[in-house]
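Right, one structure below, let's go through it.
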Amino acid sequence: MNRSASNYPYQWLYFFIAAAVALNFSGLFVTILGLDGPLYACIAKTMVQRHDYVNLFSQGKDWLDKPHFPFWVTALSFNLFGFTTWAYKLPAILFVLMGAFYTYLFCKKLYNEEVALWSVLIFLMAEHLIISNNDVRAEPYLTGLIIASVYHFYKTLDKNSIGHLLMACVFAACAVMTKGIFALIPIFGAFAGEFIFTKNWKQLFHWRWLLAAVLTMLFLAPEIYCLYQQFDLHPEKLVFDKHNVSGIRFFFWDSQFGRFFNNGPIKGHGDPFFFFHTLLWAFIPWSILLYIAVIQFFRQKNKREWFCISGALLTFLVFSASKFQLPHYITIVFPFFAILTAYYLIDLKTAKSWRAIRITQTVVLVLLVLIIFLLQYFYRAENLTFFTVLPLIVSVALFIFISVKEAFVPKYRLLFQSVLVSIGINLFLNLNFYPSLLKYQSGSEAAFYIDKNSMSKFPIAQLQEEEYSHALEFYLHQPLFLVNEDGKGNLPGKPYLLYASPEHVNQLKAKGWTIKLVKTFDDYLVTRLKGKFLNWKTRKEELEQKDLVLVEKDVVKP
């Protein structure tokens, strides 16, 4: 590393990388939120309970959407640590840290250790990556697997190492078994772009790529086998309201190209500028710097490499053209974005350019702090305690120390200030805001109430007519039954607890059910926040309720 006379700033760099690692664990014990997270947790939980790692089930029915790999990893964690929040989130965080490690290795090969260390810090502090380690879906796994595959493929370029080729193909196959065939786009784009732009035709058409395709397909065998066993062998199964549904065809075509062209069983709508404005907040606090770095990359005459820009932009363009878009999709190329941003910042030399960066980044940091203060002012998170506020106080103290310490050159000072602002924001979110917010996720709150008050002696049921609560299912220490308003279905023995809306409870009473109210929970879809909900003065207008009732008799009036 080309260091200054004093190692002091670099010691702080190591410190902040360690702090960034710790920050990504700060949401480890926060209740699993939303729709997807509890659903995936329930699927992995069912795997373990049934001792069936071939078939995927949700609500007792065959489930065809995502591939198996994340569920296998989560099931392994559940087997080791039990059905807990942290056991669900831990594997995803570890895969992100694996991604940080491979980002360091890859960047060090492309540039130097200094740029590599900064790329790791930038990667770990990207806002949506931290969010993804709390709201865990498939992307944390995918992010680590893709950059790992890229690094090992890169290592085969100098000498044809069969070991690195095997590792690259294993990681690539696991990425495909995490989200589908489109997971190969960043990997393909990185190498195809590098070879095409440098006119390295020998490497582009090297025999290793044919062997890599064969090996990757070979390592996909577990996924193909599972899909064949669950769906292709059983054309009588009803999936997406159809019979004769091929799981293998869905895996290779409908789940990816069907979403892209919007002609598959799962549809959405696309906006060509969606990921452009998504990055403005998803890559905070580095997003403006990233855009500048990309522009400056294309303005450079002598480019060091094309791997990162090619892998990132091809993925960005494909996802932007897709008809099915979600913000977390773009996190899989954050390692490339981090490397591009780190190299630009470390390579920046002119005083004029740095002055513009300093002003821009200062404005960004001020706005971020203002947004968090406004969020707390309007939301009024009520769980502020000494232990949740203390990390924020430490962050503020470090910010002041960094700001006044003369040992830091202005470049390091501004970047470390950016890190501290981001740390403070995310500590507030993970230690205060999200725990407060999740009190309005009635499914998990009902499960906690049942478990805490020793009510597990009663069977638990939910109405089929209402949206299924996977959060309730996951956090219960017993099976969740489904019944309908006619008193039919997989009926538990009476008396039993029923989780339902007050409207449906009243309808059941009118039909002759004998019901006693146990507790009412506030309910809100916490993944879709609106201004009126965030404002504590108007929050009640947005809330719905869910009742937990004791059903003593569920007869129907003739």
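Only one of 384, 370, 365, 345 is open to solvent by 30 Å² or more (accessible area, probe 1.4 Å) and either assigned to a helix (DSSP H, G or I) or of a type in the set (Asp, Glu) (or both). Can you tell me which?
Numbers: 384 fails: either assigned to a helix (DSSP H, G or I) or of a type in the set (Asp, Glu) (or both); 365 fails: open to solvent by 30 Å² or more (accessible area, probe 1.4 Å); 345 fails: open to solvent by 30 Å² or more (accessible area, probe 1.4 Å).
On inspection, the qualifying residue turns out to be 370.
Quick one: count up the residues across the stretch 60-88 that are touching a residue at least 40 places away in the same chain (Cβ under 8 Å), part of a helix (DSSP H, G or I) and under 25 Å from residue 251 (Cα atoms).
The total comes to 4.
For the stretch 520-536, give me each residue that is open to solvent by 80 Å² or more (accessible area, probe 1.4 Å) and in contact (Cβ under 8 Å) with a residue 24 or more places away in the chain. Can you show your working first?
Step one: list which residues in the stretch 520-536 are open to solvent by 80 Å² or more (accessible area, probe 1.4 Å), which gives 528, 530, 532, 536.
Correct list: 536 only.
I'd like to check something: does the stretch 60-70 contain any residue that is of a type in the set (Gly, Ala, Ser), surrounded by fewer than 23 Cβ atoms within 10 Å (Cβ to Cβ) and within 20 Å of the chain's Cα centre (by Cα)?
No, the conditions are met nowhere in the stretch 60-70.
When only residues in the stretch 29-59 that are open to solvent by less than 30 Å² (accessible area, probe 1.4 Å) and part of a loop (DSSP other than H, G, I, E, B) count, which is modelled with the lowest pLDDT?
34
Might you let me know whether the stretch 184-199 holds any residue that is among the aliphatic types (A, V, I, L, M), open to solvent by less than 40 Å² (accessible area, probe 1.4 Å) and touching a Cys at 6+ places or on another chain (Cβ under 9 Å)?
For the stretch 184-199, residues among the aliphatic types (A, V, I, L, M), open to solvent by less than 40 Å² (accessible area, probe 1.4 Å) and touching a Cys at 6+ places or on another chain (Cβ under 9 Å): present.
In the stretch 436-511, which helices (runs of 4 or more DSSP H) lie fully inside it and hold 1 or more residues that are open to solvent by 10 Å² or more (accessible area, probe 1.4 Å) and more than 30 Å from residue 87 (Cα to Cα)?
Values: elements: 442-452, 470-475, 502-510.
Helices (runs of 4 or more DSSP H) meeting the threshold: 502-510.
Of all residues in the stretch 288-316 being not in a helix (DSSP H, G or I) and not charged (D, E, K, R), which is most open to solvent (accessible area, probe 1.4 Å)? Before you say what the answer is, go through the steps one by one.
Of the stretch 288-316, the ones not in a helix (DSSP H, G or I) are 300-306.
Cutting the leftovers down to not charged (D, E, K, R) gives us 300, 302, 306.
Values: 300: 57, 302: 137, 306: 38 Å².
Applying the filter and picking the extreme gives 302.
Is it the case, given these coordinates, that residue 92 is farther than 25 Å from residue 337 by Cβ, part of a helix (DSSP H, G or I) and either in contact (Cβ under 8 Å) with a residue 12 or more places away in the chain or open to solvent by less than 10 Å² (accessible area, probe 1.4 Å) (or both)? Walk me through how you get there before you give the answer.
Values: farther than 25 Å from residue 337 by Cβ: no; part of a helix (DSSP H, G or I): yes; either in contact (Cβ under 8 Å) with a residue 12 or more places away in the chain or open to solvent by less than 10 Å² (accessible area, probe 1.4 Å) (or both): yes.
Judged against the criteria, residue 92 is not a match.
Taking the condition closer than 20 Å to residue 317 by Cβ, in contact (Cβ under 8 Å) with a residue 60 or more places away in the chain and small (Gly, Ala, Ser), does residue 293 pass?
On the way: closer than 20 Å to residue 317 by Cβ: yes; in contact (Cβ under 8 Å) with a residue 60 or more places away in the chain: no; small (Gly, Ala, Ser): yes.
When the stated conditions are applied, residue 293 does not pass them.
Given the conditions (1) on the phi < 0 side of the Ramachandran plot; (2) free of Cβ contacts under 8 Å to residues at least 24 places away in the same chain; (3) not in a helix (DSSP H, G or I), which single one is not true for residue 285?
Unmet for residue 285, out of (1) on the phi < 0 side of the Ramachandran plot; (2) free of Cβ contacts under 8 Å to residues at least 24 places away in the same chain; (3) not in a helix (DSSP H, G or I): (2).
Looking at the stretch 19-28, which of its residues are within 14 Å of the chain's Cα centre (by Cα) and crowded, with 23+ Cβ neighbours inside 10 Å? Outline the logic, then answer.
Keep residues of the stretch 19-28 that are within 14 Å of the chain's Cα centre (by Cα), which gives 24-25, 27-28.
The answer is 24, 27.
The values are calculated or read from the model by the stated rules, or taken from the named source; none is laboratory data. Small disclaimer: the values here were computed from a predicted structure and weren't measured. No Cβ is skipped: glycine too gets one built from the backbone with ideal geometry, and neighbour counts run over all protein chains shown. Quick note on the areas: whole protein, heavy atoms, side chains included, nothing else; ligands and nucleic acids left out. Shrake-Rupley method; radii C 1.70, N 1.55, O 1.52, S 1.80 Å.
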